[in-house]
Amino acid sequence: MADVRLVHTEDYVSRLCAGTLKDSELRRLGLPWSESLVRRSFFAVGGTIGAAYAALEAGLGSNLAGGTHHAFPDRGEGFCVLNDIAVAIHVLRRDGLIHRPAVIDCDVHQGNGTATIFADDGDVFTFSMHGAKNYPLFKARSSLDIELADGTADESYLQTLAHHLPFVFQHDPDILFYLGGADPFVGDKLGRLALSIEGLRSRDELVLKECYQREIPVVTVMSGGYGENISDTVEIHCNTIRSGKKIFENQAEVFGQGRSRTERR
């Protein structure tokens with residue numbers, strides 16, 4: 001609870017746990033309240049915090065949940081109850097483990113909650129590459145926002161991502177949070193882009209290889225995915241894990257067997 005309150009307001013957290021959110025708040029959230037919803041939301045935050053500690057130890061950590069980037073300090077939106085990335089960043093900074101985190105958000109929907117939380121924080125770089133005409137209608141301002149036209153497919157998407165990634169690393173992050181997102185997939189009900197499963201795997205490999213080569217610990221989380229065929233969504237998320245496993249298989253040699261990037265410097 002103390003960790004969550006580093007980001008979220010006392011009023012919101014208390015009413016969320018008590019089940020006294022207003023009907024209008026639940027409509028904006030898009031989910032009915034239940035005790036299991038609250039429990040799952042807290043577990044997802046804990047998973048991302050745990051994955052962040054794992055990344056600092058071994059180079060890579062993954063949470064098979066999280067990426068709830070539409071959650072604001074005082075409310076939830078768009079199926080996102082608590083902002084796990086923001087909480088994890090605040091926890092690690094509170095404990096003196098990181099100083100300059102970065103977020104690469106490749107979910108098809110802009111990470112408006114995360115962008116808003118860190119809008120006035122120059123030590124956190126937020127990058128969001130998303131559909132220009134997709135949710136949310138009114139976008140927040142990330143450190144760097146890249147908007148994509150409906151129907152954007154593999155080649156154009158990957159070229160755009162490769163062109164803009166160096167701006168993230170110019171921030172010199174000591175940890176990176178990566179929201180892969182399965183919803184840019186051509187078969188996604190809410191995506192409006194046209195990436196293939198292989199194209200999305202290439203996206204993951206592009207981001208993760210950059211982190212590996214630069215010796216930046218990286219945390220992967222699931223974020224969105226609404227495929228017409230749920231097995232496609234599962235495969236895309238699994239490919240993120242497979243890509244990380246393949247790229248970071250020798251991470252102990254690179255990451256100095258648990259020494260932080262700051263210590264290696």
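Based only on Cα atoms, what Rg/Rh ratio does region 26-72 have, Rh being taken as Kirkwood's radius? Present the calculation step by step, with values, prior to reporting the outcome.
Details: Rg = 12.9 Å, Rh = 11.9 Å.
Taking Rh as the inverse mean 1/r over Cα pairs, Rg/Rh reads 1.09.
Between Val234, Thr48, Gly199, whose Cα lies farthest towards the positive end of the dipole of region 4-264 when Lys and Arg beta carbons carry +1 and Asp and Glu beta carbons carry -1, centred on the Cα centre?
Value: Thr48.
Which value at 222 nm does the chain reach when only helices count, each DSSP H run of 4 or more adding -39,500 (n - 2.57), with the total divided by all residues and rounded to the nearest 500 deg cm²/dmol?
Working: 10 runs with 116 residues, N = 265.
My calculation for the chain gives -13500 deg cm²/dmol from helical runs alone.
Could you tell me which GluC sites (Glu not before Pro) in region 159-227 are loop residues by DSSP with no more than 16 other beta carbons within 10 angstrom of their beta carbon? Numbers along the way, then the final one.
Values: sites: Glu198, Glu205, Glu210, Glu215; in loops: Glu215.
Loop-located and lightly packed - Glu215.
Treating only the Cβ atoms of Lys and Arg (+1) and Asp and Glu (-1) as charged, compute the dipole magnitude of region 104-217 about its Cα centre; round to the nearest 20 debye. Mind showing how you got there, number by number?
Details: 9 positive and 19 negative charges, 71 e Å.
For this selection, approximately 340 debye.
Counting only other residues whose beta carbon sits under 10 Å from that of Ala132, what net charge do I get with K and R as +1, D and E as -1?
Overall, the nearby charge balance is 0.
Using a Cα-Cα cut-off of under 28 Å, which lysines could be cross-linked to Lys245, ignoring same-chain neighbours fewer than 8 residues away?
Lys209
Quick one: net charge of Asp105's neighbours, Cβ under 14 Å, K/R +1, D/E -1? Intermediate results must be reported in sequence, preceding the final value.
Details: positive: Lys139, Arg141, Arg203; negative: Asp84, Asp107, Asp145, Glu147, Asp183, Asp204.
Computed value for this residue: -3.
How large is the charge dipole for the chain, taken about the Cα centre, if only the Cβ atoms of Lys, Arg (+1) and Asp, Glu (-1) carry charge, to the nearest 20 debye? Could you put the intermediate results ahead of the total?
On the way: 27 positive and 36 negative charges, 67 e Å.
Roughly 320 debye, rounded to the nearest 20.
Can you spot the lysines whose alpha carbon is less than 24 Å from Lys133's alpha carbon? Ignore those fewer than 8 places along the same chain.
Lys189
What's the FRET efficiency of Leu26 with Glu228 using the Cβ-Cβ distance as r and R₀ = 35 Å, to the nearest 0.05? Could you put the intermediate results ahead of the total?
Working: r = 27 Å, r/R0 = 0.76.
Given R0 = 35 Å and the Cβ-Cβ separation, E is 0.85.
What per residue convex hull volume, in Å³, do the alpha-carbon atoms of the chain yield? Don't skip to the end; give the middle numbers.
Numbers: hull volume 30.2 nm³, N = 265.
Measuring per residue, one finds 114 Å³ for the Cα hull of the chain.
Want the number for Thr9 to Ile241: 0.36 nm per residue separation, take away the alpha-carbon distance, what's left?
Additional length available on full extension: 80.2 nm.
Rule-based calculations on the coordinates, nothing more; no lab input. The shown structure was predicted, so the numbers you read here are calculated from the model rather than taken from an experiment. Cβ: placed from backbone, ideal geometry, glycine included. Neighbour counts: every protein chain shown.
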